[in-house]
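FYI, it's all coordinate maths here, none of it is from the lab. Given the structure is predicted, the values throughout are model-derived calculations rather than measurements. Reconstructed Cβ throughout: ideal geometry from the backbone, glycine too, with neighbour counts over all protein chains shown.
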Amino acid sequence: MRYSKRLRVASLAVVLGLAAAACGSSAKTTSTTATTKGGTATTAATAGSAAGATTAGSTAGGTSSGGTTFGGKLPDCFGNPTGTVTKGSKAGIAYDTGGRGDGTFNDSAARGADAAKTGLGVTIDELEAKTGDDRNPNLTTLSGNGDNPIIAVGFLFETDLLKIAAANPKTMYGIVDDVPPGANANIFSLVFAANEGSFLVGAAAALKSKSGHIGFIGGQDIDLIHNFEAGYDAGAKAVNSKIIIESKYLGAAGDNAAWTSPDKAKEIATGWYTSGADVIYSAAGGSGNGTIDAAVAAGDGKWAIGVDSDQYLTATPAQQKHILTSMVKHVDVATYDTIRAVGQGATKGAVCTFSLANDGVGYATSGGYVDDIKAKLDGYKADIISGKIVVPAK
Amino acid sequence: MSLTQADVDLAGPPRRSAALLWSSRSSRQRILIGAALTFLLLSVVREKTGAYDLTSSGTVTATLHLALPILFAGLSGLWAERVGIVNIGIEGMMILGTWGGGFGAWKYGPWVGLLFAMIGGMIGGMIHALATVRFNVDHVISGFSINLLAAGAVRYLSAVYFVGKKGAHGGVGSVSLSPPQRGTIPEITLRFITDRANASCLSKPSGLFWVECRRWFVVSDAAGIVRGFLSQMSLATILGLGLVPITAWIMWRTRFGLRLRSSGEAPSAAESLGVKVLRLRYIAMAVSGAMAGLGGGYLAIVTNTQYKEGMTANRGYIGLATMIFGNWRPTGLLGGAALFSYSDALRLRNNKSIPALLLFVGLILLLFTVSAIMRQRWVTAYFTGGAALLFFVLYATVHRLSDDLTSAAPYIITLIVLASASQRLRPPAFSGRPYRPGDSH
């Protein structure tokens with residue numbers, strides 16, 4: 001009797017464990033970090049503040065940090081405000097779990113905030129959500145503190161932000177990677193045309209591929225990542241319509257392990273490199289590092305393409321030789337621009353798409369491996385901006 | 001092949017049935033015959049379906065890489081359960097292992113990293129032992145607490161030790177990432193026999209790889225599997241595979257092992273015979289934690305070049321499950337880990353080989369069914385026969401599986417095959433129950 005009860009308990013535990021493993025609904029609060037980013041987390045880390053700036057080799061103009069140029073033309077969605085930013089005005093940043101130093105999304109926002117501090121002279125108040133329960137109180141605190149704008153880093157803030165934005169109609173808010181439902185007079189949705197940036201790295205992959213065989217590794221099988229793949233495919237096919245493109249997702253929707261499985265990405269990439277593929281792009285958060293390692297192991301002429309930030313800057317020298325380029329998503333620019341626009345008097349919430357046109361997305365040139373094809377890539381870029389090429393979204 | 005007098009006596013008058021022939025084999029012979037049959041089936045399925053990845057060396061190498069962490073987790077569970085402690089905390093101990101591994105490999109090199117991984121896991125194991133042995137905390141609750149504690153602890157430790165630190169060869173750490181390691185654990189590739197590790201059939205293969213690329217029935221399959229073991233074989237992989245027979249030997253062939261197992265079956269009886277049950281439990285939990293830690297270290301050091309938060313990805317639970325469905329035995333958990341990782345490797349490398357895998361699993365289940373019918377175990381026969389039928393139907397009707405389904409395939413296949421293989425699970429009798437020395441005196 002006792003025996004069978006124990007067996008029941010044991011099997012229950014196992015079934016629960018398996019279910020957890022299969023669905024990836026891990027109990028750890030930390031894993032929500034990856035969800036927040038929806039696959040845009042990078043393995044590379046520019047920890048702390050604006051590290052990496054020294055190696056960035058950024059161009060002149062505006063404030064630059066981490067290889068990013070700040071202070072370009074504001075996207076039209078901000079309504080072209082004409083005022084000037086008051087020195088000492090306050091802006092708030094609500095980071096999601098992970099916060100400053102997570103090496104990814106939050107860090108990118110932090111770089112934008114730092115640039116705003118030095119470049120615009122604003123005061124930045126920052127709060128980091130230790131768990132999901134902190135999001136609401138953090139936004140409330142920043143709102144009560146008189147910060148304007150307040151930027152919520154990550155789409156998981158949506159529900160809380162809607163409530164708090166409605167309660168504080170005079171404060172402007174920004175939310176990264178999300179378009180909250182309804183008309184929100186005081187919310188800027190900061191979204192990225194990842195497909196456009198991916199188009200360019202797809203074109204780069206096809207131009208650099210000697211075998212006419214490339215690959216794409218996605219994190220979770222969700223629309224956000226399909227957006228990357230669609231752009232990549234379109235870009236590669238624009239160069240070579242007969243190119244073979246492998247595609248694989250590491251996990252189903254909700255499987256958070258998909259962002260943290262470099263070993264699995266490595267096995268996939270190794271298989272493809274062996275069967276002839278020579279460029280692989282991964283939009284799979286921290287798993288993408290496995291692709292880079294597989295390229296290193298596969299030897300000369302095998303390339304990986306990074307995602308989100310310029311992964312060349314934080315890679316080891318061995319890895320750097322195999323990072324062709326990176327699809328860069330400038331959360332920092334979005335953060336900086338929102339602070340600047342609101343400081344200049346923007347008062348009407350809108351959806352701001354950061355695209356090639358406003359340098360919200362782009363490709364990295366570190367390492368110089370795409371220098372020879374830069375003219376062609378910039379040609380595609382001009383065509384996309386002018387509307388001659390329409391990049392599919394999924 | 002030794003039919004002892006006792007066996008003959010037990011079996012009654014000799015019957016010339018295949019079932020008797022099978023059951024009269026020693027377990028070692030059964031494993032060998034089973035492996036040979038499995039290989040033959042695999043070759044047949046590969047030949048029939050043309051799914052070359054089924055026996056390619058790349059698949060074998062990938063299987064090994066994926067299997068080792070699960071194997072370590074399973075061994076961790078085995079050491080704990082055999083001494084009478086349910087270890088749900090393997091995942092947490094693995095997490096501590098990944099962190100320790102990342103830290104050690106960054107500061108001092110990969111071997112020290114593995115050592116640190118062991119120590120990290122061992123700390124988790126000792127906490128579990130202290131809670132369950134000393135304070136009689138419910139084993140499941142203590143285990144889950146360790147999982148939660150470990151996840152939080154590594155983030156804190158990373159914030160303190162990794163943020164902004166540079167690796168010896170470049171690369172930067174962060175709150176969820178360690179700086180890259182100093183070097184890698186050497187890999188053995190017998191290049192003269194097997195060709196380059198990253199060779200492709202498209203570019204003039206040589207040696208064993210040439211044979212593999214010929215696609216000859218059985219011969220090429222064997223070449224592929226052998227080459228998989230001989231190329232890119234990390235020393236850490238050899239160490240991990242070696243731990244299975246070593247564990248089996250210690251537990252079933254030594255006095256220490258007998259005492260250890262008796263503590264998990266009937267601790268009062270063991271104690272009355274002078275076995276130091278509590279001390280054994282601490283020792284076994286230290287080993288259990290070290291094994292889990294090694295699993296984590298393997299992930300951080302061998303299959304990756306740095307610690308990454310969340311990289312264990314629930315493998316602790318999967319390892320525990322393979323151990324349980326492997327009937328608390330080293331061979332069972334080895335089979336479970338191999339099957340799971342093999343399915344996973346096939347899925348990752350080539351979705352198109354999943355239907356062939358379904359056919360293969362169906363045939364294996366059919367073998368189980370035949371064996372059950374011969375032994376007149378009708379319930380078993382119905383169950384495995386039904387499962388086999390399900391797999392054949394899947395194979396016949398499904399041509400292209402959606403990604404969602406294929407990512408679930410390793411779980412489903414492992415569950416069904418292991419459940420069919422071990423019809424009567426028998427956990428250590430005292431596992432998971434509180435024990436106070438002297439209670440039954």
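Apply the a/c threshold of 1.5 to the C-alpha gyration tensor of the range B:137-194 and tell me whether it is rounded, prolate or oblate.
Oblate shape, in that a/c is at least 1.5 and b/c is the bigger or equal ratio.
Kindly provide log₁₀ I(q)/I(0) values, in the same order as q = 0.22, 0.28, 0.30 Å⁻¹, from the Debye equation applied to equal alpha-carbon scatterers of the range A:290-347.
-0.77, -1.04, -1.12
So which helices of chain B fit the span-like rule, where a helix is a whole DSSP H run, its Cα atoms reach 27 Å or more along the axis, and its mean Kyte-Doolittle is at least -0.5?
B:27-49, B:57-82, B:110-129, B:139-161, B:277-301, B:330-349, B:354-374, B:378-397, B:403-421
Among B:248, B:56, B:116, whose Cα sits farthest toward the positive end of the charge dipole of chain B (+1 at Cβ of Lys/Arg, -1 at Cβ of Asp/Glu, about the Cα centre)?
B:248
Other chains' Cβ within 10 Å of B:137-144 residues: what's the mean? Before the final figure, lay out each step's value.
Numbers: counts 0, 0, 2, 5, 0, 0, 1, 3.
The mean count of partner-chain Cβ atoms within 10 Å per residue comes to 1.
Treating cross-link reach as a plain straight distance, find the aspartates and glutamates whose alpha-carbon is under 17 Å from the alpha-carbon of residue A:264, omitting any fewer than eight places away in the same chain.
A:221, A:246, A:255, A:293, B:53, B:309, B:344, B:403, B:404
Too long at a 23 Å Cα-Cα cut-off: which of A:208/A:374; A:210/B:308; A:208/A:248?
Distance filter (> 23 Å) returns A:210/B:308.
What's the exposure ranking of B:420, B:288, going from fewest to most Cβ atoms within 10 Å?
Details: B:420 22, B:288 31.
Result, fewest neighbours first: B:420, B:288.
Which order do B:315, B:191, B:426 fall in if you start with the one that has the fewest other Cβ atoms within 10 Å?
Numbers: B:315 30, B:191 14, B:426 11.
So the ranking, lowest neighbour count to highest, is B:426, B:191, B:315.
For the range B:371-410, restrict the atom set to alpha-carbon positions and state the Rg and Dmax in Å.
Answer for the range B:371-410, Rg first and Dmax second: 13.7, 39 Å.
Can you give the translational diffusion coefficient of the range A:224-369 in µm²/s, computed by Stokes-Einstein from the Kirkwood radius over Cα pairs at 10 °C and 1.306 mPa s? Kindly include the intermediate steps, with their values, before the conclusion.
Details: Rh = 16.6 Å.
Translational D for this selection: 96 µm²/s.
What's log10 of I(q)/I(0) for the range B:232-352 at q = 0.09, 0.18, 0.20 Å⁻¹, Debye sum over Cα points only, no solvent?
-0.33, -1.10, -1.27
For chain B, what does the relative contact order come out to in percent, with C-alpha contacts under 8 Å and a separation of six or more?
Relative contact order here is 27 percent.
Charges at C-beta only: +1 for Lys and Arg, -1 for Asp and Glu. How large is the resulting dipole of chain B about its Cα centre, in Debye rounded to 20?
540
Report ³J(HN,Hα) in whole Hz for each residue of the range A:128-138, in order, from the Karplus equation J = 6.51 cos²θ - 1.76 cosθ + 1.60 where θ = phi - 60°; Gly and Pro get x.
Taking θ as phi minus 60°, the curve returns 10, 6, 7, 9, x, 5, 7, 4, 4, x, 5 Hz for the range A:128-138.
Counting only C-alpha contacts under 8 Å and six or more residues apart, can you give the relative contact order of the range A:89-138 as a whole percent?
52
So what's the back-of-envelope 222 nm ellipticity for the protein assembly as shown, counting only DSSP H runs of four-plus at -39500 (n - 2.57) apiece and dividing by all residues, rounded to 500?
Calculated from helices alone, the mean residue ellipticity at 222 nm is -17500 deg cm²/dmol.
Taking the Cα centre of the range B:287-409 as origin, sum charge times position over the Cβ atoms of Lys and Arg (+1) and Asp and Glu (-1), and report the length of that vector in debye to the nearest 20.
240
State the three equivalent ellipsoid semi-axes of the range B:58-141, derived from the C-alpha gyration tensor as the square roots of 5 times its eigenvalues, in descending order and whole Å.
Values: eigenvalues 131, 63, 14 Å².
The equivalent ellipsoid of the range B:58-141 has semi-axes of 26, 18, 8 Å.
If the cut-off is 16 Å between C-alpha atoms, which lysines fall inside it for residue A:170, apart from same-chain ones fewer than 8 positions away?
Cross-link targets: A:90, A:348.
Let me spell out the model: positive unit charges on the Cβ of Lys and Arg, negative unit charges on the Cβ of Asp and Glu, origin at the Cα centre of the protein assembly as shown. What dipole size does that give, in debye rounded to 20?
Dipole size: approximately 2860 debye.
Could you run the Debye sum over the Cα atoms of the range A:327-394, one equal point scatterer each and no solvent, and tell me log10 of I(q)/I(0) at q = 0.19 Å⁻¹, two decimals?
With one equal scatterer per Cα and no solvent, log10 I(q)/I(0) is -0.89.
Would you kindly work out the equivalent ellipsoid of the range B:36-183 from its C-alpha gyration tensor and give its semi-axes, the square roots of five times the eigenvalues, largest first in whole Å?
After scaling each eigenvalue by five and taking roots: 33, 26, 12 Å.
Using only the Cα atoms of the protein assembly as shown, what are the Rg and Dmax in Å?
28.4, 103
Equivalent ellipsoid semi-axes for chain B, as square roots of 5 times the alpha carbon gyration tensor eigenvalues: give them largest first, rounded to whole Å. Before the final figure, lay out each step's value.
On the way: eigenvalues 244, 215, 73 Å².
Equivalent-ellipsoid dimensions as semi-axes: 35, 33, 19 Å.
What number does the range A:237-298 give for Rg over Rh if you use C-alpha atoms and the Kirkwood radius?
1.00
Hey, fewest Cβ within 10 Å first, where do B:227, B:155 land in order? Present the calculation step by step, with values, prior to reporting the outcome.
Values: B:227 27, B:155 23.
Ascending Cβ contact count within 10 Å gives the list B:155, B:227.
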